[in-house]
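Novice: Got a structure for you, written out below as structure tokens; questions coming shortly.
Coordinate-derived values only; no laboratory data. Here the structure is a predicted model, which is why all the values come from computation and not from measurement. Here the Cβ positions follow ideal geometry from the backbone for every residue, glycine too, while neighbour counts run over all protein chains shown.
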Amino acid sequence: MQKRDCFELLSAYLDGEVTATERRQVEEWLSTDASVKCLYKRLLNLRQGLQNIPVPPTNQSSETTIEQVLKRVNRPQDLAWMFAGAALAACILGTVSSLFPGNSSRILQVAETTELTPTMTQPATSDSSLMVALNKPVMEIPKTAIAPK
């Protein structure tokens, strides 16, 4: 017999829902098979644990229950506000950090300037951050194919 069938038969045995033949079969298993006995004890403990769970009082109205459920359901809105606040804080932090000198984009700009003008010993310092390569483009520009007419 498969483990699943054994589990279902043991569960039915605990609930008192077995025939006389099935009852004898389960009792034989319990007396001969240690793994079935262990499973039976686990099911028995689970059943007793479920029976000992405290039941909430039923004296509250259905409207009160619905209100309590809706309060818990509406919590994702609170999470949405927290995520929005975190995103806003990250944007502000990014903006403020880009204003301070010595950031990584400045280092990248110096590296690009050095690559474009290898004959210069030091990169040119200018007030504008725009750099145009007139004589030596950064990458090769392909010529446009002219379609025959």
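Novice: Hey, with R₀ at 35 Å, roughly what FRET efficiency would Lys71 and Leu50 work out to, going by the Cβ-Cβ distance, to 0.05?
Specialist: Computed FRET efficiency for Lys71 and Leu50: 0.80.
Novice: Through the Karplus equation 6.51 cos²θ - 1.76 cosθ + 1.60, θ set to phi - 60°, convert the phi angles of region 10-16 into ³J(HN,Hα) values in whole Hz; use x for Gly and Pro.
Specialist: 3J(HN,Hα) across region 10-16, in whole Hz: 5, 4, 5, 4, 5, 7, x.
Novice: What list of ³J(HN,Hα) values in whole Hz, one per residue of region 45-52 in order, does the Karplus curve 6.51 cos²θ - 1.76 cosθ + 1.60 (θ = phi - 60°) give from phi, with Gly and Pro shown as x?
Specialist: 5, 5, 4, 5, x, 5, 6, 8
Novice: Go through region 28-34 residue by residue and turn each phi into a ³J(HN,Hα) via Karplus (6.51, -1.76, 1.60, θ = phi - 60°); whole Hz please, and just put x for glycine and proline.
Specialist: 5, 4, 4, 7, 10, 10, 5
Novice: Can you give the charge dipole size of region 10-69 about its Cα centre, rounded to the nearest 20 debye, using +1 on the beta carbon of Lys and Arg and -1 on the beta carbon of Asp and Glu?
Specialist: So the dipole magnitude of region 10-69 works out to roughly 320 debye.
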